[in-house]
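First up is the structure itself, then whatever we jot down about it.
The values are calculated or read from the model by the stated rules, or taken from the named source; none is laboratory data. Everything numeric in this text was worked out from a predicted model, so none of it was measured. Please note: Cβ atoms are built from the backbone with ideal geometry, for glycine as well, and neighbour counts cover all protein chains shown. Each accessible area value is taken on the protein alone, full model and side chains, heavy atoms only, with ligands, DNA and RNA left out. Shrake-Rupley method; radii C 1.70, N 1.55, O 1.52, S 1.80 Å.
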Amino acid sequence: MARSHARLALAATLGLPVLGTGQAPSLTMHPDALLTSQGFPIQTSLVAAPGAAFTVFLDFDGGPREVLGERILLGLTPLLSNFDGGVVGPGGTSQRSVQVPLFAGALGLILYGQAVVLDYSAPNGLFRTSNGASTATYAGSRAIVASFDDPVNQGYSGTYSADVAGHVRGGPVTRRTYETITPLSVPVDLLSTGFLSAPLSTHGCRVQYVLRNVDLGASGAPERITSVRWHRQAGASVLPTPDTFPAFDFRIGHTDVVPDYTLDWFSALPVAPDSGLSATFADNERPGEPPIVVYQGPYVVSPSDLLLGGYLPFPMFTSFPYDGVSSLLLEFRVPAWPQQGLNPIAHRLQAVSSPLPAARVVRSGTAAAPITPDLVTTGTRDNAMPELQIEFTRTETFAQSPWLLAGAAQFGTPILAQSLPFGTSIAVEYRGADSPIATPTAWSSSPNIAAGKLYLQFRVTFHANPVTGERPILDSLIVPVP
């Protein structure tokens, strides 16, 4: 509530009109404004074509929003105001500076600015927008200010994008698909050999599968699992049989189980038969990190969902954040229901000489004794692994700063000027060192991990939206020094 009053007070103090029109190729604002007893300054400088009509807008949110095909790096809040406007002078610049008197709640405010210029040759026939800029207020003796006028040449490393003027943006969303078919595994006909058909069973089923990071083609980089698809068993009909499962529960989690399918050269038996899944379902979960429910609801198997290669997608209403290192635990719980159950999933044995180490643990009911999957706690183990195609989406990228001279200081609360499209986020970590070549501290969410150190470094992690591909943008980062 205090922040809302502060914004209203500032808008009233500026006494600015509402919306206008205009743009400029380049807008600059001083990223940090020291708050004193006299208030704080707001300065804008616009470079545009001489004679062009323009307006510079200020807002309290960095958006972004889309307006007539232009990306607006403003939130378009009710307090959106015109700060400067008119016609660009003969020199191609327009500047304005205002000293804002001190008022309650002014500390830590972030003002986002962007210019709009009339341009009838623009794609929308009306205007073009400038880059975004910002000013944040702080108090203290000084501040460590990170602005990103030229992040590559300023020494920022990482997987970020420097394609937005004066900003760093999360890197593009990338996708890959991987088939979980290990080279030495052997196809198995689950129905004719008497194996239990899971998870698309007719009398109730609970089953867990473990996939090692090598089975997933993991590189160690965090990714999101956005689709899991199953392969039709060889010999089944070309098209899947229409079927409906009124209640289908699909969960994904990390697990510490890492099966070793290596065979002894003399006996041909597994050298580590106990390295796989336990017969007790709960024992396969990582302590304190139960699998995440990625889908609960009806599952309709339809021929129209068949993809190239004979794969069909399991339903998912959320993605799973895979750490890129651990084994993966897939779990299905399917209650008994009079569905047809005529869509066997292709499985492959990881070892034919022994059912262990276990790649899966499964409990299925029968016509005479159906089961409720939520009530069963143990199952039968074997090393049958399903043929799956998993889609990984990389949404996490980062930007790491060079070492910044901190002067053995204490630090105030950092201020981030950012634009966050829906479904995106930014996280920042800090560390310190006595010199750029000295052993640094651990990373921390607080810059005071570096208190007393001569140098400070930060790392920005960008989380993009895996569905839309939208990426967050950071305009500046200010660390006050009290």
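Observations, loosely collected:
- Placing +1 on each Lys and Arg Cβ and -1 on each Asp and Glu Cβ, with no other charges, gives the chain a dipole about its Cα centre of roughly 540 debye.
- Shape class for segment 279-399: rounded, because the ratio a/c of the largest to smallest gyration tensor axis (alpha-carbon atoms, square roots of eigenvalues) is under 1.5.
- Distance in nm between pseudo-label sites at Gln296 and Leu184 (7 Å out along the Cβ direction from Cα): 4.1 nm
- Solvent-accessible area per residue, Å², over the chain with all protein chains present [probe radius 1.4 Å]: 43 Å²
- With each label modelled as a point 7 angstrom along the Cα→C-beta vector, the Asp283-Thr413 pair spans 4.9 nm.
- Difference of contour (0.36 nm per residue) and Cα-Cα distance, Phe266 to Leu307: 10.5 nm
- Helix 2-14 axis, angle to the chain major axis (alpha carbon atoms, nearest 10°): 40 degrees
- Per-pair calculated FRET efficiency, R0 = 22 Å: Gln38 and Arg96 via Cβ, rounded to 0.05: 0.75
- Taking a ≥ b ≥ c as the square roots of the eigenvalues of the alpha-carbon gyration tensor, the chain is classed prolate because a/c is 1.5 or more and a/b outweighs b/c.
- Cut-off 19 Å, label 7 Å out along Cα→Cβ of Ser353, residues of segment 242-284 by amide N: 259-276
- In nm, spacing of pseudo-spin labels at Gln400 and Ser157 (7 Å Cα→C-beta vector): 0.5 nm
- Qualifying chymotrypsin sites (Phe, Trp or Tyr not before Pro) for segment 286-380 [loop in DSSP, other Cβ within 10 Å: at most 16]: Phe317
- In the chain, the portion of solvent-accessible area held by carbon and sulfur atoms comes to 58 percent [1.4 Å probe, whole percent, DNA, RNA and ligands not counted].
- Computed lengthening from Arg65 to Ala367, 0.36 nm per intervening residue step minus Cα-Cα distance: 103.1 nm
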